[in-house]
Amino acid sequence: MEYVKNAWYVAGWSSEFADDLRRVTILEQNIVMFRNSQGRVIAMEDRCPHKMLPLSKGKRIGDDIQCGYHGLTFDCAGKCVRIPGQDNLPASIYVDVFAIREKNHIVWIWMGDPQQADEATIFDMPEFTDPAWHAHQGEALHLKSNYLNVADNLVDPAHVSFVHPTTLGNASSENVPVHVDTKSDVMKAWRWIRDAPPIGFFQQFGGFTDNVDRWHYYYLHLPSIAVIDFGSADSKANLSEEERDKGVRVFALHFLTPVTADYTIDRWMHLRNTALGDNAASEQMDQLFKIAFAEDKEILEAVQEEENHSDNRRPVRIAIDKAPIAYRKRIKKLIDREAGHETAATGI
Amino acid sequence: MEYVKNAWYVAGWSSEFADDLRRVTILEQNIVMFRNSQGRVIAMEDRCPHKMLPLSKGKRIGDDIQCGYHGLTFDCAGKCVRIPGQDNLPASIYVDVFAIREKNHIVWIWMGDPQQADEATIFDMPEFTDPAWHAHQGEALHLKSNYLNVADNLVDPAHVSFVHPTTLGNASSENVPVHVDTKSDVMKAWRWIRDAPPIGFFQQFGGFTDNVDRWHYYYLHLPSIAVIDFGSADSKANLSEEERDKGVRVFALHFLTPVTADYTIDRWMHLRNTALGDNAASEQMDQLFKIAFAEDKEILEAVQEEENHSDNRRPVRIAIDKAPIAYRKRIKKLIDREAGHETAATGI
Amino acid sequence: MEYVKNAWYVAGWSSEFADDLRRVTILEQNIVMFRNSQGRVIAMEDRCPHKMLPLSKGKRIGDDIQCGYHGLTFDCAGKCVRIPGQDNLPASIYVDVFAIREKNHIVWIWMGDPQQADEATIFDMPEFTDPAWHAHQGEALHLKSNYLNVADNLVDPAHVSFVHPTTLGNASSENVPVHVDTKSDVMKAWRWIRDAPPIGFFQQFGGFTDNVDRWHYYYLHLPSIAVIDFGSADSKANLSEEERDKGVRVFALHFLTPVTADYTIDRWMHLRNTALGDNAASEQMDQLFKIAFAEDKEILEAVQEEENHSDNRRPVRIAIDKAPIAYRKRIKKLIDREAGHETAATGI
């Protein structure tokens, strides 16, 4: 399928890359990655142009990779520096390289034209480095699902009451309307559930027992990074939207890496303004998140399975779909723009 | 592939359906089934029209089903009765329902237009309720085979000598000619093997040791129900065709449910005029049947495997194929009629 | 895919065929094989023309095969000799047979027109029966790879240094040029590595510790038989090309049987002029070969996997590809000739 290529995707946490050659697949492209002798992460097309053996089946010779079949050797710029049995090294023999940056302990890869890779556009939040906040990297959730369905789910507050009734939602929110802003660069959907019993998560981490005001803000950064800002405060405080920092507040981040048309890796982490430096709290939160994410996985994989076998769907749109529909249109526009299909008249 | 839709198929034994949501696939259509609070079996399209999640992943709210993703709720008529987040319930949001009837402890489903579902056309036999007969439900044989090949096999007396030499056939019948009647509504193939050693089945259940007259009548009710009337009597009695009730007589019933183009469920049972109320006899018969059906399964799955990979078959027809060939023509005619492709001039 | 059909392929070692019906697949053709009452190996199309059941699911009646479904029976010439239920045996009902010869304890099958099968063209070497040589049949290596890629690898001395650094190659040969002769009927590639440390194989079987002269001659007999003549001698002897018999010399034979477009069986054996009659030496050599062949298998299967998923390869040719490229051209020419596509003007 077609993807937005001129964008920074997450290739992995920084801790995932070391000396050894690692094969990853992103946007259906096989890539060999490793950390070179200067500590820099390198990413190259994982295929020798000669006989197509994955270079990850070869070995490192210093910072170069030597193919495991006939010894063709490529440097970190993708240039062929050795062909055993001949002296000339034709310029036509090379492998593609990908722009890589590390930031906030995350390895970012630019899947399009390296010349257009602008470090300033990498996703960031001040809370990553704010001492009033605790950042905790979680795991990589593998889903047999197209990334668009996963992203839909992350800008969709409505599913929480039905998919996560014991952890992230409860019946109080079933009929609370959702606000949506799809005009800005970042898609946004949110709602407040005022004066209602606390959900399981905040019973555990906020210590709330009486009624609370609870908020869920979903931000979707194109093409596939979601930030869910959720929290709770005693209802008696009657917090305004801007006062969320006064409550117990958590940012759940989801970095979606499209692998193939029906496989996505969701690396998740959280930032929180409570239990700073408390590793036990991190682990407990992870446990709750994992229950919820397993619930999402079951739903999303069942939907994907159905999509794989259905050709006669009659599309149905309901009120809660506003943000997902706008998101899909935006993605399509970005893909069209990269392909040069954009109509001059309409612009963006 | 195309199927006859305006017909009653077996969805399962009555005992297979209870409170819980059960997903079944019939004619490549996924269906969610359950027994409602009035004890009636309900069958609905197993797919929420919103995001295509199977409704069987959701839960019952009384006699309605609530989707497990966003809570859309459908009643037993397929009507959407709730969409969380909005008040209006568009008529365009619904799921298909299927006509269901229970009869003789079997759940029947009509896969076509519910308006045309006529209860009077459900397969029946007087022996189901005749106290002189014992009815015994067997199991569900799953075959990786197209249902047409399975049905062929059930109107094909000729295979018995070769596929079931120790149970249902023996060498005596190898060259006995088969009579065929393909003119009536029900296809029929039959033969008598007179004055020959008894087959394994009737050695065990008839107690025969001397020569017997043995009959096999194969009836195929379109689209996919087979009745095999077989039995034996002492050769000295010299029974006429009409006197079969005087011998030891068994009806082996096969209800074929086409699942997909290469998967069929064969629910089998038998009716017998001997060993009434004798459960041990039922179990012993089941054991013999299971040996024979495993033999059929091996053959039919090997044939399907070959069909899946062969494109250059030169078709060969021999004398014993008369009934299967007529059966296939009939099925094609029924499918054409449903599609409105039937030529007015030819009629049926 | 298309294959050269008018050629002798290896169906198996003689020891693989006995009384029982054995199903094999060669050039995507399913074949039933057995050794008949005269000890002759028979090969027939493994599919009854009636309902397509593999005949290997049936049973032998003397030297005939009776289908396991309806008893149609075929003799060793593929002629139908019995159809239960009818007397006439139409000539249109038959199965194809294949020409078979046994030679040097190997069963050879001719996959094309049996009329053109010429026993004189079966691969042979005088060393098979020369008492100065020891012949040892090895095993059948199954590779999920197209046979052309496997054959490439067997006329490719250049991969040895990189794929088999501990057994059949070492760093001494990395840059030694390869000679190639692609003009003769048999493709040939070879090189001598003079005055270099012995490879693992000849440390073990030649007892060499000082520098040796080592040769590798790769002969590829079309369509898919490879002979690798390799050996070593003390460098001080300074052997000429013609004096190889004075060194420790081994012929490694590979008989490739294309099964499907991505599956190949490589039956390997060796002939040697050392350790005659020494079974322990045979086993030790097998162990070394198996290490090397497992290395080939890993590479070739990874290449096949890549080919299966790649559509945008930019072909790259380097100096060492001369023999493989010529080999592929020859195969294409043979296939075109069989198809009658050959242009009269060019001839061969």
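We did not get these values from a lab; they are worked out from the coordinates using the rules stated. Values in this document were obtained by computation on a predicted structure and should not be read as measured data. Ideal geometry is used to build each Cβ from the backbone, glycine not excepted, and the neighbour counts take in all protein chains shown.
Computed quantities for the displayed model
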{"quantity": "FRET efficiency, 1/(1 + (r/R0)^6) with R0 35 Å, evaluated for B:Asp96 and A:Glu242 via beta carbons", "calculated": "0.10"}
{"quantity": "Cα centroid of region A:299-340 to Cα centroid of region B:212-243, whole Å", "calculated": "58 Å"}
{"quantity": "Efficiency of FRET from Cβ geometry, A:Ser14 and A:Arg337, R₀ 51 Å, rounded to 0.05", "calculated": "0.95"}
{"quantity": "7 Å along Cα→Cβ, label-point gaps from C:Ala319 to other copies, nm, shortest first", "calculated": "7.5, 7.5"}
{"quantity": "Angle in degrees between helix A:322-339 and the longest Cα principal axis of chain A, rounded to the nearest 10", "calculated": "20 degrees"}
{"quantity": "Paramagnetic reach from C:Asp63 in region C:8-34 [backbone N under 15 Å; point 7 Å along Cα→Cβ]", "calculated": "C:19, C:34"}
{"quantity": "Cα-based helix-to-principal-axis angle, A:279-309 vs chain A, degrees rounded to 10", "calculated": "70 degrees"}
{"quantity": "Nm distances between copies for A:Glu119, ranked from closest, using label points 7 Å along Cα→Cβ", "calculated": "7.8, 7.8"}
{"quantity": "Mean residue ellipticity (222 nm) of chain B, computed from DSSP H runs ≥ 4 via -39,500 (n - 2.57), nearest 500", "calculated": "-6000 deg cm²/dmol"}
{"quantity": "Fewest-first sequence of B:Asp278, B:Asp87, C:Asp266 by Cβ atoms within 10 Å of each Cβ", "calculated": "B:Asp87, B:Asp278, C:Asp266"}
{"quantity": "Shielding by partners - mean other protein chain Cβ count within 10 Å, residues of C:41-54", "calculated": "4"}
{"quantity": "Amide hydrogen neighbours beyond the local backbone of A:Glu139, cut-off 5 Å, H modeled", "calculated": "A:Trp268"}
{"quantity": "Per-residue average of Cβ from other chains inside 10 Å of B:80-89", "calculated": "4"}
{"quantity": "Isolated Cys in chain C, by beta carbon distance under 4.7 Å", "calculated": "C:Cys76, C:Cys80"}
{"quantity": "Ascending list, in nanometres, of distances separating the B:Gln38 label from those of the other copies (7 Å, Cα toward Cβ)", "calculated": "7.8, 7.8"}
{"quantity": "Ranked A:Met111, C:Met125, criterion: other C-beta atoms within 10 Å, fewest first", "calculated": "C:Met125, A:Met111"}
{"quantity": "Average partner coverage of B:159-165, which counts Cβ from other chains inside 10 Å", "calculated": "4"}
{"quantity": "Where a label projected 7 Å from the Cα of C:Thr25 along Cα→Cβ would reach, residues of region B:277-300 with amide N under 20 Å", "calculated": "B:298-300"}
{"quantity": "Residues B:Ile299, B:Ile331, B:Ile320 arranged by fewest to most Cβ contacts within 10 Å", "calculated": "B:Ile331, B:Ile320, B:Ile299"}
{"quantity": "B from A by rotation - nearest chain A beta carbon to the axis, in Å", "calculated": "A:Asn308, 11"}
{"quantity": "Of A:Lys297/A:Lys329; B:Lys332/C:Lys51; A:Lys51/C:Lys290; A:Lys290/B:Lys51; A:Lys183/A:Lys290, pairs whose Cα-Cα distance is over 27 Å", "calculated": "A:Lys183/A:Lys290"}
{"quantity": "For region A:167-211 versus region B:155-185, the gap between their alpha-carbon centres in whole angstrom", "calculated": "70 Å"}
{"quantity": "DSSP loop trypsin sites (Lys or Arg not before Pro) with at most 16 other Cβ within 10 Å excluded, longest remaining stretch of chain C", "calculated": "C:184-312"}
